[in-house]
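The values are calculated or read from the model by the stated rules, or taken from the named source; none is laboratory data. Small disclaimer: the values here were computed from a predicted structure and weren't measured. Heads up, the Cβs are rebuilt from the backbone with ideal geometry, glycines too, and the neighbour counts pull from every protein chain shown.
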Amino acid sequence: MADDRPILFFDSGVGGLSVLAPTRALLPRAPIVYVADDAGFPYGTRGEAEIAARVPALLGRLAERYRPRLIVIACNTASTIALAAVRAALDLPIVGTVPAIKPAAERSISRVIGVLGTDATVRQPYVDRLSAEFAGDCTVLRHGSARLVELAEAKLRGQPIEPREVELAIAPLLAHPSAREMDAVVLACTHFPLLADELQAAIPQQVLFTDGGPGIARRVAFLTRDQEWPAKPSPGVAVFTGDANVATELRESLARFGLARVEALHHRSL
Ligand code: DGL
């Protein structure tokens with residue numbers, strides 16, 4: 001029997017679309033609900049306690065409403081802080097997005113890698129553990145940027161991105177004495193793959209970017225391997241927790257990612 005329960009993707013904004021895209025490519029018939037917590041946006045400049053309280057509560061509400069078969073927390077900030085709490089609270093598979101340090105370290109020749117995330121993500125002990133486990137012999141340069149998150153949001157609203165803005169946002173990373181040797185950069189915020197071209201243009205040398213998207217797509221396909229899907233693909237739904245009007249400017253971008261319908265689910269602002 002066809003099973004029409006969706007996969008629910010969750011982020012503070014449009015960043016999770018970079019995780020949705022590879023999953024849709026592997027599972028084209030999967031029904032999708034994409035939730036942007038724009039009432040809580042941005043996450044990256046908030047404290048751990050706020051994220052740890054908000055994300056499990058909101059995902060609990062969303063799970064009741066949309067009855068997903070699986071949830072993807074398509075946000076590094078929320079995952080590195082609240083993944084364990086969400087798993088403990090909900091009785092369904094939860095896939096998190098954590099910085100793709102392992103594939104970057106596996107491929108780096110120079111053994112200097114960058115980790116570009118939000119301020120909240122780059123200071124997490126989770127990142128210390130990943131660096132120690134997978135990149136123990138690398139110099140790991142971390143940089144948090146809230147501005148890059150705003151620029152990715154603007155790009156998906158069709159606004160032009162000034163190259164100078166991207167250069168300024170990553171200037172502290174490039175100012176590090178080892179930065180010229182860096183040959184791999186972990187895009188440890190799901191918004192940043194949406195700016196990969198702009199980021200490469202702002203870095204003097206060619207670098208390899210890694211992000212969690214492809215690995216998550218494979219994990220979702222594995223976890224759902226014995227499940228049925230509807231016979232035909234259905235239009236995905238984009239849900240906004242704040243001002244559904246934000247969706248007007250995003251409509252074209254959302255449609256490119258298969259999200260043809262927009263809904264509002266009001267959740268208190270932080
Ligand atoms: N996309 C989110 C992440 O992966 C965070 C963006 C924000 O600051 O809200 O970390």
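Just a few scattered comments:
- In the stretch 181-198, the residues that are buried (at least 22 other Cβ atoms within 10 Å of the Cβ), under 14 Å from Val166 (Cβ atoms) and away from the ligand (no atom under 14 Å from the Cβ): Val185
- Candidates are the residues of the stretch 74-126 that are of a type in the set (Asp, Glu) and part of a helix (DSSP H, G or I); the one that is surrounded by the fewest Cβ atoms within 10 Å (Cβ to Cβ) is Glu106.
- Residue within the stretch 60-73 that is more than 29 Å from Trp229 (Cβ to Cβ) and either crowded, with 16+ Cβ neighbours inside 10 Å or within 16 Å of the ligand (Cβ to nearest atom) (or both) present: no
- Pick from the stretch 238-259, criterion under 20 Å from the mean Cα position of the chain (by Cα) and of a type in the set (A, V, I, L, M), ranking: nearest to Glu64 (Cα to Cα): Val239
- Within the stretch 77-100, the residues that satisfy the criterion of being within 12 Å of the ligand (Cβ to nearest atom) and in contact (Cβ under 8 Å) with a residue 60 or more places away in the chain are Thr77, Ala78, Thr97, Val98, Pro99, Ala100.
- Residue within the stretch 140-149 that is closer than 19 Å to Val14 by Cα, touching a strand residue (DSSP E or B) at 6+ places or on another chain (Cβ under 9 Å), in a strand (DSSP E or B) and modelled with pLDDT of 95 or more present: yes
- Every residue from the stretch 24-59 that is assigned to a strand (DSSP E or B) and within 16 Å of the ligand (Cβ to nearest atom): Tyr34, Val35, Ala36
- All positions within the stretch 199-233 that are away from the ligand (no atom under 16 Å from the Cβ) and under 19 Å from Ile109 (Cβ atoms): Gln200, Ile203, Pro204, Gln205, Gln206, Val207, Leu208
- Residues in the stretch 127-139 that are within 20 Å of the chain's Cα centre (by Cα) and more than 12 Å from the ligand (Cβ to nearest atom) were compared, and the one that is nearest to Leu8 (Cα to Cα) is Leu130.
- Among the numbered conditions (1) assigned to a helix (DSSP H, G or I); (2) within 16 Å of the ligand (Cβ to nearest atom); (3) in contact with a strand residue (DSSP E or B) (Cβ under 7 Å, 6 or more places away or on another chain); (4) not β-branched (Val, Ile, Thr), the only one that Ala21 does not meet is (3).
- Helices (runs of 4 or more DSSP H) contained entirely in the stretch 160-227, each with at least 2 residues that are without any contact (Cβ under 8 Å) to a residue 24 or more places away in the chain and more than 14 Å from Arg142 (Cα to Cα): 163-174, 196-202
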